[in-house]
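Working notes for the structure below.
We did not get these values from a lab; they are worked out from the coordinates using the rules stated. Nothing here was measured: the structure is a model prediction, and the numbers come from that model. Cβ atoms come from the backbone with ideal geometry, glycine included; neighbour counts cover every protein chain shown.
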Amino acid sequence: MNIDKKITDDLVANGISFVTTVPCKQLAGVIEEIDNRDEIYHIPSNKEDEGMGLCAGAWMGGKRPAIIMQNTAIGVTINTLATLIQFYRMPLPMLISYRGELREPVACQVEMAVHTKALLTQLNIPTYHFHHQQDVEELDNILKYTFMSNKPVAILTDANFWGGYGDQ
Amino acid sequence: MIRSEILREIAPILRDQLVVCNIGIPSQELHAIDDQPSNFYMLGTMGLASSIGLGLALAQPKPVVVIDGDGSVLTNLGTLPTIANNVADNYILMIIDNGSYGSTGDQPTYTGKKTSLAGIARAAGCENVVEVQDVDTGKALQDALDSGKMTVLVVKCDSGNAKMPLITMDPVVIRDRFMTEVAR
């Protein structure tokens, strides 16, 4: 299974046509796949809170958005999640690379990993954790759930899910 | 002129557009002067008006006018390269640049000192950047709308706020009536 293609296919099948990204090495493949799809307008953002603003506007304009980012961004976006996405009741699927988990080579990443789920729980954000490659089978249902509930939803994808961090 | 005087003058132009309005006193002033369902008032999240407006402009064809402030653009400077590289010709970013953080007590921002937002926007790659004085805002905004080109409009004006009531409308109501106008 090509995981990058499967994820992108699920986004497209759920009508998602506006995707903003802030890169992570683990997400490089899926970002490239999204960039190559005619069905999706890919707009890289410089910071994740900016990206959530773009998504909020696109959704009010009639498009289904998604954001792809690293878990360190939870530290950047708490105010935006609470006062924009949640306060105005907007749907936002967040595909998040969960750095600092098993098979992580960079020690500093663990420092935000230990806070990631606690912060998402504190924000009452529905959170799913993909650890094995077959966990991706749930993505389609998670996307449907996101647009049913009009909430931000987190999909944490760790290094084991991506098949290891790579050569580093 | 101060911001509220400018808003009062351009209200007849704004009335027919989708407007995304910056957090705090700017939204309170616009709401008090000429509340419209086509106005999206930000009640929180400083800095993101320009981003919300860009997402909206890219997603649908109607003109979008963002009323932003110098302090808010400074807090989200990354927005300018994103705007420059994702051209939406139905997008106008109007920055009311009074050189101060109006909603928090008029503390000075750096745009009242050495920093030029028009210069930063041009360096970011924005192609149509216009800087005007407060008295010329109405003409400059109408020109930008008529041009059909994505425009960053920097309006230099005096610092100061009008005393207006808080917006007590529920955020979901603001958002829902705005989306109804977008889809109309």
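In segment B:64-89, of all residues being out of contact with any strand residue (DSSP E or B) (no Cβ under 6 Å at 6 or more places or on another chain) and more than 18 Å from B:Gly125 (Cα to Cα), the one that is surrounded by the fewest Cβ atoms within 10 Å (Cβ to Cβ) corresponds to B:Thr75.
Could you please give the count of residues in segment A:106-136 that are in a loop (DSSP other than H, G, I, E, B), among the hydrophobic types (A, V, I, L, M, F, W, C) and within 17 Å of the chain's Cα centre (by Cα)? Explain how you work it out, then say what you get.
Filtering segment A:106-136 down to residues in a loop (DSSP other than H, G, I, E, B) leaves A:106, A:123-126, A:131-132.
Going one step further and asking which of them are among the hydrophobic types (A, V, I, L, M, F, W, C), we end up with A:106, A:123, A:125.
Subset that is within 17 Å of the chain's Cα centre (by Cα): A:123, A:125.
The total comes to 2.
Checking A:Ile68 against (1) more than 7 Å from chain B (Cβ to nearest Cβ); (2) crowded, with 24+ Cβ neighbours inside 10 Å; (3) over 12 Å from the mean Cα position of the chain (by Cα): exactly one of these is not met. Which one? With (1) more than 7 Å from chain B (Cβ to nearest Cβ); (2) crowded, with 24+ Cβ neighbours inside 10 Å; (3) over 12 Å from the mean Cα position of the chain (by Cα) applied to A:Ile68, the lone miss is (3).
Kindly establish whether B:Pro61 is surrounded by fewer than 18 Cβ atoms within 10 Å (Cβ to Cβ), in contact (Cβ under 8 Å) with a residue 24 or more places away in the chain and more than 18 Å from B:Ile120 (Cβ to Cβ).
yes
If you filter segment A:22-55 down to residues that are touching a residue at least 40 places away in the same chain (Cβ under 8 Å) and within 12 Å of chain B (Cβ to nearest Cβ), you find that the one that is surrounded by the fewest Cβ atoms within 10 Å (Cβ to Cβ) is A:Val22. Taking the criterion of being under 18 Å from A:Thr146 (Cα atoms) and of a type in the set (Phe, Trp, Tyr), the only residue of segment A:23-78 that qualifies is A:Trp59.
Condition check for A:Gly164 on (1) outside any helix (DSSP H, G or I); (2) surrounded by 16 or more Cβ atoms within 10 Å (Cβ to Cβ): one failure, at (2). Pairs linking a residue in segment B:99-114 that is over 21 Å from B:Met164 (Cβ atoms) to a residue that is in a strand (DSSP E or B) and of a type in the set (A, V, I, L, M), with Cβ atoms under 9 Å and 6 or more positions apart or on different chains, are B:Thr111/B:Ile95; B:Thr111/B:Val154. Being buried (at least 20 other Cβ atoms within 10 Å of the Cβ) and either of a type in the set (Phe, Trp, Tyr) or under 17 Å from the mean Cα position of the chain (by Cα) (or both) is a description that applies to B:Ile92.
Sort out for me the helices (runs of 4 or more DSSP H) sitting completely within segment B:96-184 that have 1 or more residues that are acidic (Asp, Glu).
Values: elements: B:117-124, B:137-147, B:171-183.
Hits in segment B:96-184: B:137-147, B:171-183.
The set of residues in segment A:88-119 being buried (at least 17 other Cβ atoms within 10 Å of the Cβ), touching a helix residue (DSSP H, G or I) at 6+ places or on another chain (Cβ under 7 Å) and farther than 16 Å from A:Trp162 by Cα consists of A:Tyr88, A:Met90, A:Pro91, A:Leu92, A:Pro93, A:Met112, A:Ala113, A:Thr116, A:Leu119. With respect to the conditions (1) over 20 Å from B:Ala11 (Cα atoms); (2) within 13 Å of chain A (Cβ to nearest Cβ), B:Ala121 falls short on a single one, namely (2). Restricting B:Val152, B:Val182 to those that are β-branched (Val, Ile, Thr), touching a Cys at 6+ places or on another chain (Cβ under 6 Å) and within 21 Å of B:Val65 (Cβ to Cβ) reduces the list to B:Val152.
Taking A:Asp10 as the residue in question, decide whether it is surrounded by fewer than 18 Cβ atoms within 10 Å (Cβ to Cβ), of a type in the set (D, E, K, R) and either within 14 Å of chain B (Cβ to nearest Cβ) or over 27 Å from B:Ala124 (Cβ atoms) (or both). So A:Asp10 fails the test.
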